[in-house]
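Below is one structure, written out as structure tokens; the observations come after it.
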Amino acid sequence: MKQTTKKAAGKAAKETRAKAPVAKADAGFSAAEKAAMKDYLREKKAAKSRADGEADLLAKVAEMPEPDRGMATRLHAIVRASAPSLSPKTWYGMPAYANADGKVVCFFQPASKFGARYATFGFNDAAKLDDGAMWPTSFALAELTAAGEKKIAALVKQAAG
């Protein structure tokens with residue numbers, strides 16, 4: 001019986017791996033998701049060259065159809081008044097507000113972004129909303145009422161810490 005050397009055994013294993021079928025990449029992202037990822041990459045590049053993202057945020061808001069534009073405009077005013085320490089920016093092409101570390105605390109996802117029946121105002125893990133073992137991190141917005149504005153203002157203030 002012939003003994004194989006370590007070198008020969010390694011070569012045989014390499015050839016076996018090379019012959020293994022390669023799985024095709026899954027094309028499971030929608031056009032809207034791909035656009036959001038492209039927006040994110042543009043935002044990352046832009047963040048290196050400019051510190052103030054408010055102009056980008058307002059430009060994205062201006063592109064939105066109604067009623068998303070109206071809600072985003074009002075939410076921008078609420079967040080700026082409730083938590084002036086948060087910096088406006090865009091995040092995956094959506095209006096967002098980041099803390100001093102640059103981490104997104106809250107964001108607005110317009111219904112038109114992914115063809116949803118409602119817009120979403122959400123909070124990321126940088127938000128200081130912890131309340132026991134479970135708490136909400138996003139809210140559906142079919143419309144922005146005075147009561148909703150008051151609740152969002154309180155949540156943003158708490159989230160900013």
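Scanning the range 134-161 for residues that are more than 16 Å from His76 (Cα to Cα) and in a helix (DSSP H, G or I) yields Ala147, Gln158.
When you look at Asp125, is it part of a loop (DSSP other than H, G, I, E, B) and within 16 Å of the chain's Cα centre (by Cα), yes or no? Lay out the reasoning, then the answer.
Numbers: part of a loop (DSSP other than H, G, I, E, B): yes; within 16 Å of the chain's Cα centre (by Cα): yes.
The answer is yes for Asp125.
Which residue out of Leu57, Leu75 is assigned to a helix (DSSP H, G or I), buried (at least 21 other Cβ atoms within 10 Å of the Cβ) and within 15 Å of the chain's Cα centre (by Cα)? Of Leu57, Leu75, the one residue that is assigned to a helix (DSSP H, G or I), buried (at least 21 other Cβ atoms within 10 Å of the Cβ) and within 15 Å of the chain's Cα centre (by Cα) is Leu57.
In the range 115-129, the residues that are surrounded by fewer than 17 Cβ atoms within 10 Å (Cβ to Cβ) reach residues that are assigned to a loop (DSSP other than H, G, I, E, B) and small (Gly, Ala, Ser) with C-beta atoms within less than 6 angstrom, at least six apart or across chains, in these pairs: Tyr118/Ala142; Lys128/Gly161.
Is at least one residue of the range 100-113 charged (D, E, K, R), crowded, with 16+ Cβ neighbours inside 10 Å, assigned to a helix (DSSP H, G or I) and modelled with pLDDT of 75 or more? Scanning the range 100-113 turns up at least one residue that is charged (D, E, K, R), crowded, with 16+ Cβ neighbours inside 10 Å, assigned to a helix (DSSP H, G or I) and modelled with pLDDT of 75 or more. Scanning the range 80-99 for residues that are hydrophobic (A, V, I, L, M, F, W, C) and within 17 Å of the chain's Cα centre (by Cα) turns up Leu86, Trp91, Met94, Ala96, Ala98. Taking first residues from the range 136-150 that are aromatic (Phe, Trp, Tyr) and partners that are modelled with pLDDT of 95 or more, the Cβ contacts under 6 Å between residues at least 6 apart in sequence or on separate chains come to Phe139/Phe121.
So for the range 78-94 (the condition being modelled with pLDDT of 70 or more, of a type in the set (Lys, Arg) and surrounded by 14 or more Cβ atoms within 10 Å (Cβ to Cβ)), does at least one residue qualify? Break it down stepwise before answering.
If we filter the range 78-94 for residues that are modelled with pLDDT of 70 or more, which is where we start, we get 78-94.
Right, trim to of a type in the set (Lys, Arg) and you get 80, 89.
So of that shortlist, the ones also surrounded by 14 or more Cβ atoms within 10 Å (Cβ to Cβ) come out as 80, 89.
Yes, that holds for at least one residue.
The values are calculated or read from the model by the stated rules, or taken from the named source; none is laboratory data. Bear in mind the structure is a predicted one, so any value in this text is a computation, not a measurement. FYI the Cβ positions are ideal-geometry reconstructions off the backbone, even for glycines, and counts take in every protein chain you see.
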